[in-house]
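Here, each number is a calculation from the coordinates, and none is a lab measurement. Note that the coordinates shown come from a computational prediction; the quantities given were computed from them, not determined experimentally. Using ideal geometry, Cβ is built from the backbone for each residue, glycine included, and neighbour counts are taken over all protein chains shown.
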Amino acid sequence: MAKYTVVTMPGDGIGAVVLPEALRVLDAVGFDAAYVHADIGWECWCKQGNPLPQETLDLLAEHRLGLFGAITSKPKPEAEAELAEELRDQGRVYFSPIVAMRQHFGLDVCVRPCRSFAGNPLNFVRQDGRGGVEEPEVDAVIFRQNTEGLYAGIEWSDPPEQVLEALRTHPRFARFADCDPSQLAISLRVFTRRACERIVTAAFDYARKHGYESVTVCEKPNVLRETSGMMEAVAKEVASRYEGIWLRSTNIDAQMMWLTKNPEDYGVVVAGNLFGDIVSDAFAGLVGGLGFACSGNVGDEVAVFEPTHGSAPKYADFPRSIVNPCAMILSAAMMLDHVGELEKAQRTRDAVGRVVREGKVRSYDMMKLSGRPDVFDQGAADSAEMTDAVIAAL
């Protein structure tokens, strides 16, 4: 009997391509696991009217460990148009299944490491002021609050009267008070002190465990005074319990500038849901892009690991897959860390690093090629060849 059982959710598009490649690496590194398939994503929505079936939730509740590929999320009109005809006009509303999964299981701590691998041609470089260029080492880990904020899903188009009545109590809503409700769309940004404390504490714990000197809270408290203000205030309270770790505060807009000037100055960064999404993708762009961007969604009982890239359905239809599987492989390494298989996790990361450093096998993105089926004519490796190289490096 296997030591672990992992619920595998390929999802849509390239999710079904990269997840099996990660499983090959897990087998090669000696991870003793059984894998249980579960459905999720756009096809489930179209056929069942539910992109996150109850069967999938039941499997995750039972086994508490998951690997997820990617999902397709389309705007409201397309979601309604592609729903099975017999399911239409029943009040069904598409909601991202990965967001729903995070909320259902309380996977409120999202961890997104953005570390550069030596030799990656996609790494950030800058002028050194002496006529040359330099390549700073980027080692940032973003802690994103995963279940609240603007992604909580509390939204209205043509809001009902009781919502408008409540909003009219706020003086700044006065300029919208005479607007036809059918012309209004409203999203609420909701923070709770408990969730802020959990994510900030997780960030400081990580910084202390791994030797980072600072934690940066990245929000916008000068404008979003209540929500960002709460996150910053909680961060100051938590920081007082961690002697020797410096708390810094940046505004999300200024952070976008600074990370492309001096990204090596940032270690652990913590933010709310939307800003955490933004800053983690921005840092990912400095270390190779989404082909290397991994993440973990961690709650008290369940944890799910995933690459941060989307489903890229146009690539999934190529006769030979061009997709870089490293983000999925590195997400699997995060799962190994989570269950205490630290040596196997580090061997996996080292193997990816060796493939990148040697540069003999490169995916199309590492060669800075456009995503077309003919990239192999220019020497690009396909998904399986990238995985083969990682396995060989093990």
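Couple of notes before you dig in:
- Highest mean packing first, where packing is the average number of other Cβ atoms within 10 Å per residue, the peptides 271-282, 11-22 line up as 11-22, 271-282.
- Remark: for residue pairs 261/368; 209/368; 3/209; 220/368; 220/261; 209/236, the C-alpha separation exceeds 25 Å in 209/368; 3/209; 220/368.
- Each residue of region 285-292 was assigned a 3J(HN,Hα) from its phi angle through the Karplus expression (A = 6.51, B = -1.76, C = 1.60, θ = phi - 60°), giving x, 8, 10, x, x, 5, x, 10 Hz with x at Gly and Pro.
- Loop-resident sites, region 163-240, for trypsin sites (Lys or Arg not before Pro), counting at most 16 other Cβ within 10 Å (DSSP): 168, 225
- Spacing of the two label points (7 Å from each Cα toward its C-beta) at residue 89 and residue 34, in nm: 4.7 nm
- In this structure the amide hydrogen of residue 269, modeled in the peptide plane, comes within under 5 Å of the amide hydrogens of 141, 142, 143, 216, none closer than 5 places in sequence on its chain.
- Within the straight-line cut-off of under 16 Å between alpha carbons, the aspartates and glutamates reachable from residue 74 are 12, 43, 82, sequence neighbours fewer than 8 places apart in one chain being disregarded.
- For region 249-347, the square roots of the Cα gyration tensor eigenvalues, ordered a ≥ b ≥ c, give a/c of at least 1.5 with a/b no greater than b/c, which places it in the oblate category.
- Qualifying trypsin sites (Lys or Arg not before Pro) in region 1-84, where qualification requires a DSSP coil assignment and no more than 16 other C-beta atoms within 10 Å, comprise 3.
- DSSP finds beta bridges in the chain, and of those with both partners inside it, around 45 percent are antiparallel.
- 24 Å Cα-Cα reach of residue 76 towards lysines, excluding residues that sit fewer than 8 places from it in its own chain: 47, 314
- Rounded, prolate or oblate (a/c below 1.5 giving rounded, otherwise prolate when a/b exceeds b/c) for region 82-169 by Cα gyration tensor: prolate
- Label point distance in nm, residue 174-residue 54, each placed 7 Å from Cα along Cα→Cβ: 5.0 nm
- Within the shell of other residues whose beta carbon sits under 14 angstrom from the beta carbon of residue 218, the net charge comes to -2, with Lys and Arg scored +1 and Asp and Glu -1.
- Span from the region 85-107 Cα centroid across to the region 293-350 one, whole angstrom: 23 Å
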